[in-house]
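The values are calculated or read from the model by the stated rules, or taken from the named source; none is laboratory data. Owing to the predicted nature of the structure, the values given are computational and were not obtained by experimental measurement. Positions of Cβ are backbone-derived with ideal geometry, glycine not excepted, and every protein chain shown enters the neighbour counts. To get the accessible areas, we keep the full protein, side chains included, count just its heavy atoms, and leave off ligands, DNA and RNA. Shrake-Rupley method; radii C 1.70, N 1.55, O 1.52, S 1.80 Å.
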Amino acid sequence: MLHSSFTASIRGGAVALVALAALCVSCGADPAPQPLPGASDAVATVPTSAAEAAEAAASADAAAGVTTPPAEPDPTPGAEKVRDAFAGLQATLDDSCATSGCAYFLGRVHDELLRLDRAMKADPKGPGHFPQPIELIAKLEAELGGDSSFENLKKHETLLVGTRDKINTWMQGHPDDYR
């Protein structure tokens, strides 16, 4: 009797396991989301953008009675912070044509200077807050004449690296201006 009951329970367990496996792989279709008990009958939609997600979160908060103060708008949406751009420029301080690929190094210093220039001009304090760095970059760009080829950057290497170093010194002397 013990043997036949044991066999029957193994057989029943195997049948349950097969049924469960069949349910897991049936058709590979995603089931439609089911509302939670007590939820409204309205169909929820998945937000497709950050703005829709923020709006949905605000609606949910409002429905729950949660209030949040409005966020201050970014004066220049997507603008990089001066401190981040300056950190990129500082990352070039230990490099040179001798320590890394010269074309890469000169191109990177030039790119980082332009990045810093854009960040300073977009800063909420205004471009007048960074007069000397912006002036130094403008002078460099005038000398380069819009040519950022390796040959031209190499020709103006002393001016390029000197501009980086002067801006680094100016920024170090004005830490409150970019932190």
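Taking a Cβ cut-off of under 11 Å around Lys166, the surrounding Lys, Arg, Asp and Glu residues balance to a net charge of 0, with basic ones at +1 and acidic ones at -1. Per-atom-type breakdown for segment 84-157 gives carbon and sulfur 52% of the accessible area (1.4 Å probe, protein chains only).
Residues of segment 102-130 with an amide N closer than 18 Å to a point placed 7 Å from the Cα of Asp95 along the Cα-to-Cβ direction: 102-117. Ignoring lysines fewer than eight residues from Lys121 along the same chain, the ones with Cα atoms less than 22 angstrom from its Cα are Lys81, Lys139, Lys166. Estimated at the nearest 10 Å², the accessible area of His110 is 10 Å² with a 1.4 Å probe. For segment 75-179, the equivalent ellipsoid built from the Cα gyration tensor has semi-axes of 23, 14, 12 Å, listed from largest to smallest.
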